[in-house]
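Worksheet for the structure shown next.
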There are 2 protein chains.
Amino acid sequence: MAKKVFLSEEEMPKKWYNIQADMPTPVLPLINPGTGQPIPLDQFARIFPMSLVEQEVSKERWIDIPDEVLSAYTIWRPTPLCRAYNFEKLLNAPVKIYYKNEGGSPAGSHKTNTAVPQAFYHKMSGVKRIVSETGAGQWGSAMAFAGNLFGIQVKVYMVRVSYEQKPYRRLMMMTWGADCVASPTNTTEACRRVLAVDPNSPGSIAIAVSEALEEMASRDGTKRTVGSVLNYVMLHQTVMGLEAQKQMDKIGEYPDVVIGCAGAGSNLAGLSFPFVRDKIAGKKILIIAAEPSSCPTLTRGRFAYDSSSSEKGITLLPMHTLGHDFIPSPIHAGGLRFHGMAPLVSQLVLDGLIEPRSYHNLETFQAGVMWARSEGFIPAPETNHAIAAVIEVARQAKEEGKEKTILFNWTGHGLLDLAAYDDYLSGRLTDYALPQEEIERSLASIDGYPKPPRR
Amino acid sequence: MAKKVFLSEEEMPKKWYNIQADMPTPVLPLINPGTGQPIPLDQFARIFPMSLVEQEVSKERWIDIPDEVLSAYTIWRPTPLCRAYNFEKLLNAPVKIYYKNEGGSPAGSHKTNTAVPQAFYHKMSGVKRIVSETGAGQWGSAMAFAGNLFGIQVKVYMVRVSYEQKPYRRLMMMTWGADCVASPTNTTEACRRVLAVDPNSPGSIAIAVSEALEEMASRDGTKRTVGSVLNYVMLHQTVMGLEAQKQMDKIGEYPDVVIGCAGAGSNLAGLSFPFVRDKIAGKKILIIAAEPSSCPTLTRGRFAYDSSSSEKGITLLPMHTLGHDFIPSPIHAGGLRFHGMAPLVSQLVLDGLIEPRSYHNLETFQAGVMWARSEGFIPAPETNHAIAAVIEVARQAKEEGKEKTILFNWTGHGLLDLAAYDDYLSGRLTDYALPQEEIERSLASIDGYPKPPRR
């Protein structure tokens, strides 16, 4: 068989798949922390275009992808489904390993799949300027690319630790005409509160969210986009899983195991949701969320109502969380450093449809270097978590003498993360054993919030 | 029409095209500077595997691509042929713009097309260790990738100015297990001679060649590979042009203009030679070599015998040259900073089959940013020269009111060259008006060499 399975542009999915139509337990609504009541749609609509608000709450199984978005998608989509023959050989286990290669987008990751429709819908609603936050810079650069495509000015708050580790990310955003600043900046009330406690704060996605929200609230005509967490982001990302299903069909394959790394959930959701649908319908399939041990939202966090920002916030999300005060250790997989998890992914984990596993920093980089030296392409540190899970599944298959077909999401390349590889190869990278007390302490930040109902 | 034309792996060319079979004027042989006589093949064979020596002098039109190389090619090949609709719209000229996108290889450029077969042939001949030189790092990283693939240890001498401007290139090589040092180092006789004259030498490809040659000569079992210049490198690169011809055939197109940037000639050769063949057979087609004004080998150099290294050397090549003493200004398009040009390209320029044009630094970056902001992908600084030529051709087509179909080689992405974009966008980048005396001075270095015969 060939190494790569292509689709033509005509074969691209014309609709996104909305898992809300099929979930055994519906996702809980976002609520107001004061009243405990669901946020009314018109309040959302002050922040997001109505089309996105409708997608957020829709129960329709299929939602049309606008022509303008389809056309922009063709800049890099459909992406190839690849088979990792060399990596299989290296693992010497009874597994076939397929991966959806999302590293070929202009910004280098799957994030453009939702940046483009978000920019489009905002453009349609008359928005001229967008603020957003970014961890490792994957989302910020995707947003800079997409904003430029639709003529929208973009400003990105980038978590300081990543801003310093990954200077090229800022330059990439700048090349597309966007503005990128290190968060905590010194320009918002939210960050001043953080800096008062820790003047050397490495930042966190939650802090960057607070800064972006504050700027949006204080500037007319400025709106905010989000790189993950919300339902409509998961929806947009399903273009990956739908393509992958077509591609696996073409070669008569179906996965036993589907793997995605999990920061806030969008790449995992995008690849796996069409397969979760099959699983709900009775297919036997293991779906793994691979998260970092140093930010173990799903494996050690609590399912609770929490804010996505570091401030108390006006909206609470029903999700697995480590508490919005949680500041992850400055490990390099910046994109997986979020304290929470997408509500849709969280609910599917609760229902046993997705299985979370966590991986240590060093084993993920070891996995990434093994990959680079066998398959050639250098993966993003986030992707390395998925590869570590692939290795674990392969090892188990070998022990059990069972054949497995694995599909995972190769979410992006690591070319702008090479400093992290340098740290790893030079022995400067370490693991971080997160103490339970640290989690308990940050979870205390949600003590006063309403609790999700038992279901 | 779709934005991208794919080929299946089965449709990949199984043979390289050797233009030596069709050239109106045969390329002159490499000679010994002392005797003025052609280098005997057995002397070459001490440096390169016999299979490469045979390819160097072959007059066969088609040369088989070994199965192992074809298999390695499928890691990233066939590459897509893309149409730049957005860039066309921006230029508002009567042109169709197609480009062969070579940025998707693991090392990010077309250089892997020859790195892989060179590593393979060396491996077959029992080589365990390879030294090579690199300018911007594109070649060095391609060689690191290919060496790793075939289990060969790789050491790369990287021109110091690029080593400092592009730290990620070294990290990339390291990730694939290779060793990369800044040239001039302080470890070879050749570099010590350079440093005696200029202790702050920014380096040049010629100096790096000297260092690699010296290490090869002094270490058993170590051989050298070359990223450009030689005939067999041009041969391997024709896989691009052959794919592009099939792809254009598929959509019923044929180019009026074919463009490649030109440093030492390999990407231009690889894309254009199959079209040069058509031109020799009577097709009307303009083939442009786009070189930097600050290293204007074809437009202001002399066709002469010269060495590819900064030392007097044991081999002279018949080529356009600025003299092997030429040290280009430290502009950022490192891959185009070579004082010479591939003999095959040089001969085709002499015969009027390829037209050289030169472009200033600032206009090339302006072209690259225009591209990034319309087509999305950020091009390598080398590629920006080709894009500057596309803009020129489009402008002319508009003035003349003539429709043109343009095909150019998008040789690689600029993700590891973002510091250069930073310099450009921040106004720190300048043009360099190369004085004629500087060229005359460096050309004096070839005064004692035999002259090519008049033909």
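In table form, for the structure just shown:
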{"item": "Count of the range A:1-30 residues which are more than 14 Å from chain B (Cβ to nearest Cβ), assigned to a helix (DSSP H, G or I) and either open to solvent by less than 30 Å² (accessible area, probe 1.4 Å) or basic (Lys, Arg) (or both)", "result": "2"}
{"item": "Conditions (1) surrounded by 14 or more Cβ atoms within 10 Å (Cβ to Cβ); (2) over 22 Å from the mean Cα position of the chain (by Cα); (3) touching a residue at least 24 places away in the same chain (Cβ under 8 Å): number failed by residue B:373", "result": "(3)"}
{"item": "Test for residue A:242: is it open to solvent by 10 Å² or more (accessible area, probe 1.4 Å), under 23 Å from residue A:29 (Cβ atoms), assigned to a helix (DSSP H, G or I) and among the hydrophobic types (A, V, I, L, M, F, W, C)", "result": "no"}
{"item": "Leading residue by the ranking (surrounded by the fewest Cβ atoms within 10 Å (Cβ to Cβ)) among those in the range A:155-173 that are within 14 Å of chain B (Cβ to nearest Cβ) and more than 20 Å from the chain's Cα centre (by Cα)", "result": "A:167"}
{"item": "Output for the range A:294-320, where each listed residue is under 30 Å from residue A:393 (Cα atoms) and at pLDDT below 95", "result": "A:294, A:295"}
{"item": "Selection count, the range B:31-58, where residues are open to solvent by less than 20 Å² (accessible area, probe 1.4 Å), part of a loop (DSSP other than H, G, I, E, B) and of a type in the set (A, V, I, L, M, F, W, C)", "result": "2"}
{"item": "Filter pass, residue B:455 being modelled with pLDDT under 95, more than 25 Å from residue B:164 (Cα to Cα) and part of a loop (DSSP other than H, G, I, E, B)", "result": "yes"}
{"item": "The range B:351-363, residues that are within 19 Å of the chain's Cα centre (by Cα) and over 15 Å from residue B:428 (Cβ atoms)", "result": "B:353, B:354, B:355, B:356, B:357, B:358, B:359, B:360"}
{"item": "The range B:173-189 residues that are within 17 Å of residue B:206 (Cβ to Cβ) and touching a residue at least 40 places away in the same chain (Cβ under 8 Å), paired with ones that are open to solvent by 10 Å² or more (accessible area, probe 1.4 Å) and among the charged types (D, E, K, R) (beta carbon under 9 Å, 6 or more apart)", "result": "B:183/B:133; B:183/B:160"}
{"item": "Residue match in the range B:191-200 (condition: of a type outside the set (A, V, I, L, M) and under 23 Å from residue A:422 (Cβ atoms))", "result": "no"}
{"item": "Helices (runs of 4 or more DSSP H) wholly inside the range B:351-426 containing at least 2 residues that are within 14 Å of another protein chain (Cβ to nearest Cβ) and touching a Lys or Arg at 6+ places or on another chain (Cβ under 9 Å)", "result": "B:418-425"}
{"item": "Cβ pairs under 7 Å, 6+ apart, first in the range A:426-447 and within 15 Å of residue A:292 (Cα to Cα), second of a type in the set (A, V, I, L, M, F, W, C)", "result": "A:429/A:362; A:429/A:365; A:431/A:362; A:432/A:331; A:439/A:322"}
{"item": "Test: residue in the range A:191-201 that is surrounded by fewer than 22 Cβ atoms within 10 Å (Cβ to Cβ), among the hydrophobic types (A, V, I, L, M, F, W, C) and under 22 Å from residue A:128 (Cα atoms)", "result": "no"}
{"item": "Selection within the range B:174-186 - touching an Asp or Glu at 6+ places or on another chain (Cβ under 9 Å) and within 14 Å of chain A (Cβ to nearest Cβ)", "result": "B:174, B:175"}
{"item": "Exclusive hit being of a type in the set (Gly, Ala, Ser) and within 15 Å of residue B:18 (Cα to Cα), set B:241, B:252", "result": "B:241"}
{"item": "Qualifying residues in the range A:104-121 (those that are over 14 Å from the mean Cα position of the chain (by Cα) and facing another protein chain (nearest Cβ under 9 Å)) - the one farthest from residue A:137 (Cα to Cα)", "result": "A:104"}
{"item": "Enumeration of residues in the range A:143-175 that are of a type in the set (Gly, Ala, Ser) and within 28 Å of residue A:195 (Cα to Cα)", "result": "A:144, A:162"}
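The values are calculated or read from the model by the stated rules, or taken from the named source; none is laboratory data. A quick note: this is a predicted structure, and the numbers were derived from the prediction, not measured. With ideal geometry, Cβ positions are generated from the backbone for all residues, glycine too; neighbour counts draw on all protein chains shown. Heavy atoms of the whole protein, side chains included, go into the accessibility calculation; ligands, DNA and RNA do not. Shrake-Rupley method; radii C 1.70, N 1.55, O 1.52, S 1.80 Å.
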